[in-house]
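First up is the structure itself, then whatever we jot down about it.
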Amino acid sequence: MSQSSKLPVWFWILAALALVWNLLGVFAYIQQMTISDEALAALPAAERALYDAYPAWAAAAFAVAVFGGAAGCALLLLRNKLAIPVFGASLAGIAVQMVHSLFIANSVAVYGPGAAIMPVMIVVISAALLWWSMQLKAKGWIG
């Protein structure tokens, strides 16, 4: 049995966990884009101002980031090498979104220094998924 025909169980577990992680991002995107007027009104003024000033290009980057990450994971599970460019697009979307969030909107001023922890985790996990998919392609595990 060749290495590329039967993958180890940990591959499937890790790819499935990555898909769940990215689906949580999709859920966060949907939640943010469909927030009700009542829920928005209940937010503190500073948070409401972030929502009101959220540009369409940042929302588009957010969509590319989360839907790209989920699609990349699905492609991994299908053992398709297209996961690599899709993860690359997702990482680019994350970068654009984080530039807006951390430097343009300065969300850390609203949410506090802890607000930088999640973006760092997201970038690290996304970069790791891109790197991992390239390693999988090099091993012939996806193709």
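The values are calculated or read from the model by the stated rules, or taken from the named source; none is laboratory data. None of the values given here were measured: they were computed from a predicted structure. SASA here: full protein model, heavy atoms, side chains in, ligands and nucleic acids out. Shrake-Rupley method; radii C 1.70, N 1.55, O 1.52, S 1.80 Å.
What the phi angles of the stretch 106-117 give under the Karplus curve with 6.51, -1.76 and 1.60, with θ = phi - 60°, is a coupling list of 6, 5, 5, 5, 7, 9, x, x, x, 5, 8, 5 Hz, glycine and proline written as x.
From helices alone, the chain scores -24000 deg cm²/dmol at 222 nm; the rule is -39500 (n - 2.57) for each run of n ≥ 4 DSSP H residues, then divide by the residue total. With all protein chains kept in place, the per residue accessible area of the chain amounts to 56 square angstrom at a probe of 1.4 angstrom. Within the listed set Pro113, Pro55, Pro85, the Gaussian network model of the chain (springs between alpha-carbon atoms below 10 Å) gives the highest mean-square fluctuation for Pro113. For the stretch 94-108 versus the stretch 20-50, the inter-centroid distance based on Cα atoms is 16 Å. Working note: Karplus 6.51/-1.76/1.60 with θ = phi - 60° gives the stretch 133-143 the couplings 5, 5, 5, 5, 5, 4, 7, x, 7, 10, x Hz, where Gly and Pro are set to x. Per atom type, the chain shows carbon and sulfur on 73% of its accessible surface, probed at 1.4 Å.
Per the Debye calculation on the chain with a single equal scatterer at every Cα and no solvent contribution, log₁₀ I(q)/I(0) for q = 0.18, 0.19 Å⁻¹ amounts to -0.99, -1.07.
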